[in-house]
Amino acid sequence: MSSTVLNTTDDQSVSHDGNGSPGPPGSEDHGNNESDEMGRLRKLIVKSEGVAEVLPAAVNQTANKDGRLAQATLPIVEENIRQSVARDPKVLAEALFPAIGPAIRKAIAQALSSMVQSFNQTLEYSVSPKGLGWRLEAFRTGKSFGEVVMLKTLLYRVEQVFLIHKETGLLLQHVAADPTDIQDADMVSAMLTAIQDFAHDSFKSTEGATLDSFKVKELSVWIEHSSDAVIAAVIRGTPPLSLNEIFIETIEEIQFRFDSKLSNFEGRTEVFEDTRPILQRCLQYQLDEASSGESRINPTKIGAVILGAVILLGGIYFGWEYWRWNSFVEKLRNEPGIVVAESNFGIFQHTISGLRDPLAIDPVKLQKHSNFDDNDIAGNWKLYNDADPVFVLQRANKVLNPPEGVVLSLNNGVLSAKGIASPEWFSDAAKFAPVLVGVNEFRVDEDEAVRLQKRIDSSRVKFVCNTTEFAEDQQKILDSIASDIEKLVTVAKPKLTINGHASETGGDDINENISKLRAEKTKQELTLRSDGIERSLEEDASFIVLESQGTGQTDRDCKVTFRVLLK
Amino acid sequence: MIQKKVCMLGATGVGKTSLVRRFVQTIFSEKYHSTIGVKIDKKIVSIDDEDVTLMLWDVQGEDTGYTIRPSFLRGASGFLLVVDLTRTETLSTALSIKQMVKREIGELPFFIMLNKSDLQEDIKITDPEILSIADMDDRIIRTSAKTGENVETAFNVLAKEMVAS
């Protein structure tokens, strides 16, 4: 080959004239020139063939030596691409499609998968039994629901990353979040490769199909491939699918930067020391938001806040309703004539049952007073007679119906009737009263008027016989009678009859007259002694009626007697 | 540090696992043989003052019911063929495996370990049979997992050849 090149150099000197330029056609030595021209053409062809033969080897040698060839050809390649796109974009698009198409499809599938996973998680946290369980745990531990969700789900950490040579399964580099907690990384690396080979062979997957991930309890292993290397990331927790993008970028960068070292790998791993900082970027972790001070509004949180508010308001409402119900029940318990046997607080309707005296307050009225509607409470009341003195007395008045002026009272089960009534009424009351609940005995309480009536009726005013003069010491008796009558007119409307008497001596006419005079004199004396008597006479002149009995039986009949009639 | 992938191959029961059990580091259970068909062990040897890490792929023994997965051989820098001196058929199995390796991944440094050499009375593979593979005479090492005879030597010599190749 080198000889060909040398020949080419020689040809140039031979084919040129003395000035270094070829001679013009049609000159004298035209025959010679034609021959020279043919020779020159032949040599050019030979030269092109020689260059074509050595060019690939020369390019390859230069490319392996340094980057000068790439730098030199870069503007040409860029210009070629630009011109090609400008002329017909389809050509380049069709050429790139086999490479870009699957990449785009993979990116779209990954984005969709990530979105679906996120949507599923939101639904799961909001309404699933697991979500409710977490709410219960948050309530029990005093942590926020968001914090529990983060601890349970979103907290993850990439614990180890293996960079593995794809062909040999040998470990090229290894980084770990916690270097103290790692197994023999090169053996793990080889075993991971064996597992991938096993999976690929066992399931007869298509060429190029690879094991992308597997899960061991809370640990996941995500695997990303390039043409010569594999990244295997061991992740604790539940990472977002978007994390995979970091692994993809990392393996692509390593493949790009260490392409020749990977393809020419002979077992020396030192040359991959520079991949360490690249791999360390994969050691991602996510702090829980509470500790990092970040806050994020998402539908789950909003739902949790609304649910919390509903639960809180519901709790307050039911607490207040419970307090209101208990107050009402307590009020009923304190009400005379009502006995609460059972009360139940219900979500939609409360129930209450017990005994009620017909004379007690109607529970429905009390219920309305406590702002309960008819439908709020279902009451079941049985009637009974309460032994409370108030109800006993009310019941006695209702049953015995005492006439005006008669007052009933109750003391330790003894019902007393006080006042003026017919003997028949007292008789009936004495028979019926003990039948009443709470009445053990019936008594008639003597009236003041009757007491005064009896005292006035039994009074006597003596006169000196054959005269209308009061006997000795009768003034005090007159004073006493006047006082009684005055009291009597204040409590009753009596009719007083003053009856004049005379002794057995003397004629009847005289005795009749003297009797009459004695009655009139007594009336005058009594009137003088009492303003009450005088007022009563002014209102009713017939208040005092005078009668004369005339001749009596003995000298002791020199007197006047009294008879009181109570209306 | 140099790393090399080495495959331990041979028929079932020839003593591959016994050979490595006493001389290598391992973290995996032997049940991996029966599950995924291979167990990874590690042996570090020193060649010319440089440590060479041999990643030993202890592949499940080949028999009538199981064929070695070619994918387990991919990327290997060398292999050890283990033969049980007390069982004649293990020699032919080893030779067929050797052909399979050559077919799948090409020529690689290797050694044939004639194992169980301590069982002198039970040895069935005769010298003529060994002579039949005389062309590989320099590749044959008699070993005993029980006594440890030549085990370290086999690993060292193979490592040296792999590094040099």
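Every number here is computed from the coordinates shown, using simple stated rules; none is lab data. In this text the structure is predicted, and so the values were computed from the model without any measurement. Cβ sites come from the backbone with ideal geometry, for glycine too, and all protein chains shown count toward neighbours.
A few points about this structure:
- Under Karplus coefficients 6.51, -1.76 and 1.60, residue-wise ³J(HN,Hα) of the stretch A:388-404 in Hz, glycine/proline x: 4, x, 4, 6, 4, 5, 4, 5, 4, 4, 5, 7, 7, 6, x, x, 4
- Mean Cβ count within 10 Å, highest first, over the residues of peptides B:149-159, A:158-168, A:339-349, A:543-553: A:158-168, B:149-159, A:543-553, A:339-349
- Rounded if a/c under 1.5, otherwise prolate or oblate - the stretch B:50-95, Cα gyration tensor axes: oblate
- Environment charge at residue B:1 (Cβ cut-off 13 Å; Lys +1, Arg +1, Asp -1, Glu -1): -4
- Charge dipole of the stretch B:88-151 (Cα centre as origin; +1 on each Lys and Arg Cβ, -1 on each Asp and Glu Cβ, all else neutral): 240 debye, rounded to the nearest 20.
- Antiparallel content of DSSP bridges confined to the protein assembly as shown, in %, to 5: 60 percent
- In this structure the amide hydrogen of residue A:156, modeled in the peptide plane, comes within under 5 Å of the amide hydrogens of A:286, none closer than 5 places in sequence on its chain.
- Charge context of residue A:341, other residues only, Cβ under 11 angstrom, K/R +1, D/E -1: +2
- Whole-angstrom Cα spans of chain B along principal axes, big to small: 41, 35, 31
- Computed about the Cα centre, the dipole magnitude for the protein assembly as shown is approximately 2120 debye when only Lys and Arg (+1) and Asp and Glu (-1) carry charge, each at its Cβ.
- Footprinting exposure proxy for A:320, A:425, A:222 (fewest neighbouring C-beta atoms within 10 Å first): A:320, A:425, A:222
- Three-way shape label, the stretch B:77-165, alpha-carbon gyration tensor, a/c 1.5: oblate
- Put a plus charge on the Cβ of each Lys and Arg, a minus charge on the Cβ of each Asp and Glu, and nothing anywhere else: the dipole of the stretch A:437-567 about its Cα centre is then about 200 debye.
- Between residue A:91 and residue A:445, full extension at 0.36 nm per residue minus the direct alpha carbon distance yields a gain of 114.3 nm.
- Across the stretch A:338-344, coupling constants 3J(HN,Hα) worked out from phi with the 6.51/-1.76/1.60 Karplus curve, θ = phi - 60°, read 10, 10, 8, 8, 8, 9, 10 Hz, and Gly and Pro carry x.
- Note on chain B: dipole from Cβ charges, positive end direction compared against B:111, B:37, B:163; the farthest Cα belongs to B:37.
- Computed over the protein assembly as shown, the range of Cα coordinates on each principal axis works out to 221, 96, 41 Å, biggest value leading.
- Neighbour-count ranking [beta-carbon atoms within 10 angstrom, fewest first] of B:114, B:73: B:73, B:114
- For residue A:523, neighbours were defined as the other residues whose beta-carbon sits under 12 Å from its Cβ, and their charges (Lys and Arg +1, Asp and Glu -1) total 0.
- For the stretch A:330-352 and the stretch A:490-555, distance of Cα centres in Å: 69 Å
- Reachable lysines from residue A:476, criterion Cα separation under 20 angstrom, eight or more residues apart if same chain: A:454, A:462, A:487, A:521, A:523, A:559
- Shape index of the stretch A:207-267: Rg/Rh, with Rg the Cα radius of gyration and Rh the Kirkwood radius from the inverse mean 1/r over Cα pairs, equals 1.03.
- Amide H to amide H, with H built 1.01 Å from N, residue B:142 comes under 5 Å of B:114, counting only residues 5 or more places away or on other chains.
- In this structure, the amide hydrogen of residue B:10, modeled 1.01 Å from its nitrogen in the peptide plane, lies closer than 5 angstrom to those of B:62, B:82, counting only residues at least 5 positions away or on a different chain.
- Residue mean of other protein chain beta carbons inside 10 Å, A:191-203: 5
- Rounded to the nearest Hz, the phi-derived 3J(HN,Hα) couplings of the stretch A:187-203 under the Karplus curve 6.51 cos²θ - 1.76 cosθ + 1.60 (θ = phi - 60°) are 6, 4, 4, 5, 5, 4, 5, 4, 5, 4, 4, 4, 5, 4, 5, 5, 9, where x marks glycine and proline.
- Euclidean distance between Cα centres, the stretch A:401-470 to the stretch B:69-139, Å: 142 Å
- Once the Kirkwood radius over Cα pairs is known for the stretch A:386-516, the Stokes-Einstein relation at 20 °C and 1.002 mPa s delivers a diffusion coefficient of 119 µm²/s.
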